[in-house]
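First comes the structure, then the notes that go with it.
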Amino acid sequence: MEELKKLEEAQRMITLMESHALLSSSSSSSNNRFLANLFLLLIQQCGDLDFKDKLSLINQHLPKISDSFLEEASLLFNRKEAVLQTESKFIANSNGDMEDMALVGLDAMQRANSTLEDFCRSYFMFHEMDINKPRSIFKYLPLLSYTESYIYQMDSLNEKIVNMQTNRVGAIERKPHMEVSERWIGKSIDMLKNDPFRPLLDQLQHHGLLTERINEEFRFGEEYWDLERKLCSALMNQTEILVEDVMRAIHLKSFDYRVLNLLLYQLRGEKVNDVHMEFLSISEFLVEVSDDLDNGFFGYCYDLCSKHDQLPNMKNSYGNADDVLENNFNILRMFVRIYGPAMAPAMLAKYIAESGRERRCEEATKEGGKMSGYPLGTWNIPPAIVDEELYRSNRLNSESMVTLG
């Protein structure tokens, strides 16, 4: 808890420093954190010293401090920190400038955990592994967990960029009082565009697990994030959205599951089963669409039969529409923009049905719910949020009223 408090104080100080132009545009996150901690130290009470006294002491003694003195002091007072500094220098010298590398945080690990549970339930059967026999799978979990956590860490960064670019931070941020600079957004986008998986790839390479196919899936992940930023920005700026981009994005979105699956083949020393991979790619598409439907955009129930011109049966079903509030990629939002709220459900039904032309899709959905006359069963497409601007405004106002009450 104390560490979280320190991190929050450092972030508040960085925000204050930015507002006073005390940070250069080329300053790294490590530089910013160091300066923030220094300023926090300066404002702490120390006897009868005032701010002018403290600045005078620093100006007087700073020129006398050398690298060798700091290294000696570090070894004497903080052995653990000294070891970490040495390791950091070694990594930086080996792999280039990694100061801005995204670290795996607790939130990313917690989010990754639900994906891993789903992966174990849905994919282990293709490796003839029994999830009810944990001893046989424990040895693979550390690397799978690390990989998925790293991906989530970078995905969270991309989502935050998308959210900030909506200029509606106050409606979606948990701490609306904290300003976010355009400089931070620019640097974050640069990091996501310039080999963001390199530290993870180096680890996989070191353990002899990296293949060209895994590498390709990571490139697909970068492409998905780029498309997500592009499409969500187009939604907010009322610019053109191409259905080809939307369909490309929804098919790329499950790249992390494919990475985990390919890694499991490597860990088990087995050849990749291309038939399974093809089947799973269709299943992943359907799952992604289903997840987007669960976010609550429509209120119709479509029985996916061969005739798409039939009128839908109304069904009162509304979700919380988190993707509208946070401006996340969602195929339903995109279809409403492209085709309009009246045509969007039918067009979405058409794309789902076309995936059912693959014979293996029937098996992909047998476990997923009720089977009707059509192999893909009955899909619920709940009522379109036609005016997203109004919806966000109403939600923000209602939350404000609850807070005031």
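In this structure, the pairs whose alpha-carbon distance is over 31 Å, taken from Lys230/Lys350; Lys133/Lys160; Lys253/Lys350, are Lys133/Lys160. Judged by the mean number of other Cβ atoms found within 10 Å, the most tightly packed of the peptides 12-22, 143-153 leads the ranking 143-153, 12-22.
Remark on Ile381: its backbone amide H falls under 5 Å from those of Tyr300, Cys301, Tyr302, a criterion applied only to residues 5 or more positions apart or on other chains, H modelled at 1.01 Å from N.
A protection proxy built from the mean count of other Cβ atoms within 10 Å ranks the segments 26-36, 325-335, most packed first, as 325-335, 26-36. Measuring r between the beta carbons of Asp226 and Glu9 and using R0 = 25 Å, the FRET efficiency lands at 0.15. Computed from phi, the 3J(HN,Hα) profile of the stretch 126-133 under the Karplus parametrisation 6.51, -1.76, 1.60 (θ = phi - 60°) reads 6, 10, 6, 10, 9, 5, 7, 10 Hz, with x in place of Gly and Pro.
Quick note: the coordinates plus some simple rules give every number you see, no bench work behind them. As the structure is a prediction and not an experimental result, all values here were calculated from the model. Glycine also receives a Cβ, built like all others from the backbone with ideal geometry; neighbour counts cover every protein chain displayed.
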